[in-house]
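We did not get these values from a lab; they are worked out from the coordinates using the rules stated. These figures come from a predicted structure and were not determined experimentally. When we count neighbours, we look across all protein chains shown, and the Cβ atoms used for this are built from the backbone with ideal geometry, even at glycine.
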Amino acid sequence: MGKAVLFSDFTIVTSHDDYSVSVLEHAYCVIFNDRIRYVGSSSDDAGKIVSEVSGNDYEVYDGKNKILCPTFANAHAHMSMSIFRNIADDYALNDWLFGEIIPREDKMIEGDFRYGHLLSIAEMIESGTACAANMYDGALITTPVSSEAGFRVQQTIMGKKCVDGKWSANEKDVDEFYAVCKNLNSDLIQGSLLVHSIYLYPEELYPALTELAQKYKLPISVHISETLVENENCMKQYGCSPVEKLNSFNMLTDTTVAAHCVHLNDADRSILSEKGVWVAHNPSSNMKLASGFADTMSMDKMSVRLCLGTDGAASNNNQDMFMEMRLAAFMAKGSTLDPTILPASKVFHMATRNGYLACGFSDCGIIEEGMKADIQIIDYDCPQMWPLGNPVSALVYSCGPKCVESVMINGDFVLYKHELTKIDLERVKAETKKTMERLR
Ligand SMILES: [Zn+2]
């Protein structure tokens with residue numbers, strides 16, 4: 001018999017695919033194994049279903065002053081980079097990336113990938129995130145780590161090699177990644193092909209990467225138009241925008257996740273909309289690196305699909321999706337002088353359902369019967385969230401990581417009443433501290 005939990009008498013908040021958000025008061029939710037089996041207001045129906053599926057062997061989780069809602073899916077992260085937190089701040093992006101980060105990355109060893117990744121998982125789980133698009137090297141190390149920690153991830157694969165200064169696509173990376181996945185036999189893992197940006201590789205590599213992505217049906221993860229400098233250089237080199245150039249390589253599809261998209265014109269937005277590209281908006285990182293304010297209002301008007309990301313802990317400097325929801329809403333309102341732009345319900349949908357879809361997990365991010373059991377329990381019995389008022393506003397504008405009481409991923413509690421169940425956090429902290437001392 002599998003594991004069953006009856007969540008009893010909760011306020012259940014979820015968005016739906018039509019972008020509506022529903023709030024059910026005094027509601028019940030039954031989880032059995034990895035799936036949601038019941039959501040509704042009938043204690044009798046919930047009791048009957050949980051008894052049936054579990055043979056009366058189940059846990060009752062009491063919902064007094066608690067919200068049950070979907071966990072977040074962080075659509076743009078560089079997880080092992082938590083080892084570079086607070087190590088190089090207040091730089092422009094190019095000076096920061098090429099002068100401070102890449103030289104340190106060149107010295108990373110296996111343990112740095114492993115423990116940096118685990119530190120990010122711990123931070124994400126404690127702040128209500130159950131899934132992330134991890135754009136980073138080290139897939140063969142970090143993929144088993146994600147699986148052991150019970151964390152859902154869309155992991156990038158490098159897929160390229162440089163021999164005697166000549167770059168080419170590398171199928172071996174993809175084959176090795178899939179061999180690891182086959183071994184793990186985990187439905188927590190998806191792959192994607194890492195295409196850093198239009199400015200990092202020679203022109204001839206891009207078509208080879210497109211071919212590789214198509215051959216293996218891999219989504220592409222890419223940074224697009226993060227800074228004005230990127231756009232200016234692209235214009236000088238190629239005579240068009242980064243969106244246009246990547247589109248000319250057939251890299252923009254309905255599975256592509258494009259991070260940032262801060263500096264777009266109407267033609268760019270039109271391409272992103274037409275191709276169904278997922279745009280991962282990163283408000284904190286864009287403001288901290290002074291990249292600018294992504295125009296989410298114009299993207300939204302042109303039906304560009306929006307989700308949210310934190311970017312790496314080296315440029316944020318945390319991975320708290322509550323903060324990103326709040327900043328996304330405030331940035332949109334403040335920069336357009338229109339308080340009705342990006343209401344709480346839309347931002348919540350971006351952080352939950354859209355994030356999961358962007359990461360390739362189509363049966364997650366909504367609290368509905370049949371969906372995967374990725375849920376978080378928010379305790380609103382705290383000054384920060386009291387009195388509750390509108391629960392959606394409370395989640396987006398008032399809530400923070402300390403209100404996250406429990407997190408379940410794929411039906412497993414990975415945070416149970418404020419305790420991480422699968423990660424030895426003290427070990428992770430000790431190892432990552434050593435790394436920072438070595439790479440400082
Ligand atoms: Zn990034």
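Some observations on this one:
- For MET321, MET385, MET124, order by how many other beta-carbon atoms lie within 10 Å, fewest first: MET385, MET321, MET124
- Pairwise FRET efficiency - SER335 versus LYS236, Cβ, R0 = 22 Å, nearest 0.05: 0.20
- Eligible lysines near LYS236 by straight Cα distance, threshold 16 Å, same-chain separation 8 or greater: LYS245
- Centroid-to-centroid separation of the range 217-281 and the range 61-105 [C-alpha atoms, Å]: 22 Å
- Seen against the Cα atoms of the chain and their longest principal axis, helix 266-275 is set at about 60 degrees.
- Across the range 332-341, rounded Karplus estimates of 3J(HN,Hα) from the backbone phi angles (6.51 cos²θ - 1.76 cosθ + 1.60, θ = phi - 60°) give 5, 5, x, 7, 10, 6, 10, x, 8, 6 Hz, Gly and Pro being marked x.
- Under the simplified labelling scheme, the ASP90-HIS418 pair shows an inter-label distance of 3.4 nm, with each label point 7 Å from Cα along Cα→Cβ.
- Per-residue HN-Hα couplings for the range 185-193 [Karplus 6.51, -1.76, 1.60; θ = phi - 60°; Hz; x = Gly/Pro]: 6, 10, 8, 8, 10, 10, x, 8, 9
- Protection-proxy order for peptides 247-257, 232-242, each taking the mean of Cβ atoms within 10 Å per residue, highest first: 247-257, 232-242
- Among ASP57, ASP18, ASP311, residue whose mean-square fluctuation peaks in a GNM of the chain (springs only between Cα atoms under 10 Å): ASP18
- GNM flexibility winner over the chain from CYS181, CYS69, CYS359 (Cα, springs under 10 Å): CYS181
- The overall shape of the range 72-358, judged from the alpha-carbon gyration tensor, is rounded, with an a/c ratio under 1.5.
- Packing-based order for 214-226, 163-175, using average beta carbon neighbours within 10 Å, highest first: 214-226, 163-175
- The ranking of ILE49, ILE377 by Cβ neighbour count inside 10 Å, starting from the fewest, reads ILE49, ILE377.
- A straight Cα-to-Cα reach below 16 Å connects LYS402 with the aspartates and glutamates GLU123, GLU126, ASP320, GLU324, ASP379, ASP381, GLU419, residues fewer than 8 places away in its own chain not being considered.
- The order of the peptides 41-47, 295-301 by mean Cβ neighbours within 10 Å, most packed first, is 295-301, 41-47.
- Whichever lysines have a C-alpha closer than 25 Å to that of LYS333, once near sequence neighbours (fewer than 8 apart) are set aside: LYS288, LYS301, LYS346
- Sparsely packed loop sites in the range 62-153 (the trypsin sites (Lys or Arg not before Pro) outside DSSP H, G, I, E and B with at most 10 other Cβ atoms within 10 Å) comprise LYS64, LYS107.
- Lys-Lys pairs in the range 54-199 that are eight or more residues apart or on separate chains and whose Cα atoms lie under 21 Å of each other come to 5.
- Using C-alpha pairs under 8 Å with a sequence gap of at least 6, the mean separation divided by the residue count of the chain gives a relative contact order of 21 percent.
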